[in-house]
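Asks: Here it is, the structure in full.
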Amino acid sequence: LEDPESSQIKEEGKEPCTSQDGEIQTVDKRYCCKICGKGFAHRCNLVDHMRIHTGEKPYTCETCGKSFNRVGNFNAHMRNHTGKKPYACETCGKGFNHRCNLVDHVRIHTGEKPYTCETCGKSFNRRGHFNAHLKTHTGEKPYPCYTCGKTFINASRLKFHMIIHTGKKPYSCETCGKRFIRKVHLTTHVRIHTGEKPYPCEVCEKRFIDASTLKCHMRTHTGEKPKCSSSRTISVVSSITIVFSLF
């Protein structure tokens, strides 16, 4: 026989869920995951969530073969191939293929850092960076390089490391031909040619080509000792030399 309490909950648009410790909980979500107990207001959200447990990725890109468990992520990925970036930053004009990436980016301009580590108090503007930081306290590095055995705290750092073994620099500057391992490094480099400086100092209004250079500059106002990387300085000077050699 059906539990009358359970029947009543369903009529109220709620669902009894069993948590991992076995406790019965009533949540204001109609659809419940039987594996972890998480509740959802809509069945489609539960279907998407279940793929985390099953590993199913039904949305496959015909161009590169990469698969996804959510149609939203698949659509965002397809824009990588088409070049479409419908979400633009109102401050610097940079475009993004997914709204969540724009939200993360805007925090660079606002200085907002909503993710705070309870262990050391350090704050972050992106959840991914925050999660990666937490592993520095636990020592967890679950992503190993199968070539050299070195381990990393997240997949993106492993992917970046793998290029060291291949020697590939897939991103090339159309102006001077200099090549880069990461697209973000190319984007910053191109600004040396265009003169674009989208990161302004709110104190003296001086402008910079990237956020890290602005952050280094801000220390001149706060009196904090600069911690700018010497290798980064060399790289910028080298790039400027390249520009002048073109004229």
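Asks: Using the structure shown, decide if K215 is surrounded by 13 or more Cβ atoms within 10 Å (Cβ to Cβ), of a type outside the set (D, E), outside the structural domain of G128 (by TED's automatic domain parsing) and assigned to a loop (DSSP other than H, G, I, E, B).
Replies: Considered against the rule, which asks whether it is surrounded by 13 or more Cβ atoms within 10 Å (Cβ to Cβ), of a type outside the set (D, E), outside the structural domain of G128 (by TED's automatic domain parsing) and assigned to a loop (DSSP other than H, G, I, E, B), K215 comes out as no.
Asks: Could you grab the pairs with beta carbons closer than 8 Å, sequence gap of 6+ or different chains, first residue in region 63-92 and touching a residue at least 40 places away in the same chain (Cβ under 8 Å) and under 28 Å from I108 (Cα atoms), second one part of a helix (DSSP H, G or I) and of a type outside the set (A, V, I, L, M)?
Replies: T91/H109; C92/H109
Asks: Still on this structure, please answer the following. Answer yes or no: is there a residue in region 177-184 that is exposed (fewer than 13 other Cβ atoms within 10 Å of the Cβ) and either outside the structural domain of C201 (by TED's automatic domain parsing) or among the hydroxyl-bearing types (S, T, Y) (or both).
Replies: No, that holds for no residue.
Asks: Just the residues that are within 21 Å of the chain's Cα centre (by Cα), under 18 Å from R99 (Cβ atoms) and not in a strand (DSSP E or B), please, taken from region 42-77.
Replies: Matches in region 42-77: D48, R70, V71, G72, N73, F74, N75, A76, H77.
Asks: Follow-up question, since we're still on this one. Quick one: which of N97, N80, N75 is surrounded by fewer than 16 Cβ atoms within 10 Å (Cβ to Cβ), under 30 Å from K197 (Cβ atoms) and modelled with pLDDT under 90?
Replies: Going through N97, N80, N75 in turn, the sole match is N80.
Asks: When you look at I108, is it in contact (Cβ under 8 Å) with a residue 24 or more places away in the chain, farther than 20 Å from L158 by Cβ and not assigned by TED's automatic domain parsing to the domain that holds E202, yes or no?
Replies: So I108 fits the description; yes.
The values are calculated or read from the model by the stated rules, or taken from the named source; none is laboratory data. Predicted, not measured: the structure shown is a model, and the values here were computed from it. Glycine gets a Cβ as well: all are built from the backbone with ideal geometry, and neighbour counts include every protein chain shown.
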